[in-house]
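One structure below.
Rule-based calculations on the coordinates, nothing more; no lab input. In this text the structure is predicted, and so the values were computed from the model without any measurement. Note: ideal-geometry Cβ built from the backbone for every residue, glycine included; neighbour counts use all protein chains shown.
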């Protein structure tokens, strides 16, 4: 049974503390939540992130989609809706975001979540080694708006991606890249994310034409 402290209460506010510094930091915070609960709610994870800024949340959605959790039926659709809502608020110039209660009340078993976190541990350490502030203009201000626009498009098409094998994981990789770029103010990761999406899109179009 879910524990009461895991379920968001009416009027509950998300914490506004220090932003996760990298992917390993984000995974550690989620692991600490999963270690003391039978089921973990999205609102509880948001509290553990200690922020309502956009970078960590894009990173969180991407991590979910590249992990074994991506196989949960309907998860890509829910993630796409959340991603679209967050991206719209980012494009509107909001400094923090809000999500509907029904989305914050989504939950998953802690055992399944811990399995996904263990699977991600080694890739996270490798990725974090490359992170550093550079090309900062691309990861802030107008550059961040480009990221928001791309993420909005991904969010809108993500429900359809559930029908195409591996496409959700491909989108998740892009979101991880963009989330890390915003968290670490690393513009190189914005460039990598855009190049990656263009390459995947070109391959997909080529495959469709060849059919």
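Considering only 74, 149, 55, the Gaussian network model of the chain with Cα springs below 10 Å gives its largest mean-square fluctuation to 74.
Quick one: check the C-alpha center-to-center distance for region 30-101 versus region 173-211, whole angstrom. Here the answer is 20 Å between Cα centres. Helix 54-66 axis versus longest C-alpha principal axis of the chain: approximately 80°, rounded to the nearest ten.
With each label modelled as a point 7 angstrom along the Cα→C-beta vector, the residue 121-residue 141 pair spans 4.2 nm. Protection proxy ranking of 100-107, 178-185, by the mean of other Cβ atoms within 10 Å over each peptide's residues and highest first, is 178-185, 100-107. Extension gain for residue 88-residue 21 works out to 21.7 nm (0.36 nm per residue, less the C-alpha to C-alpha distance). Report note on the peptides 84-90, 200-206, 121-127: ranked by the mean count of other C-beta atoms within 10 Å, highest first, their order is 84-90, 121-127, 200-206. Here the mean projected area of the convex hull built on the C-alpha positions of region 4-210 is 11.2 nm².
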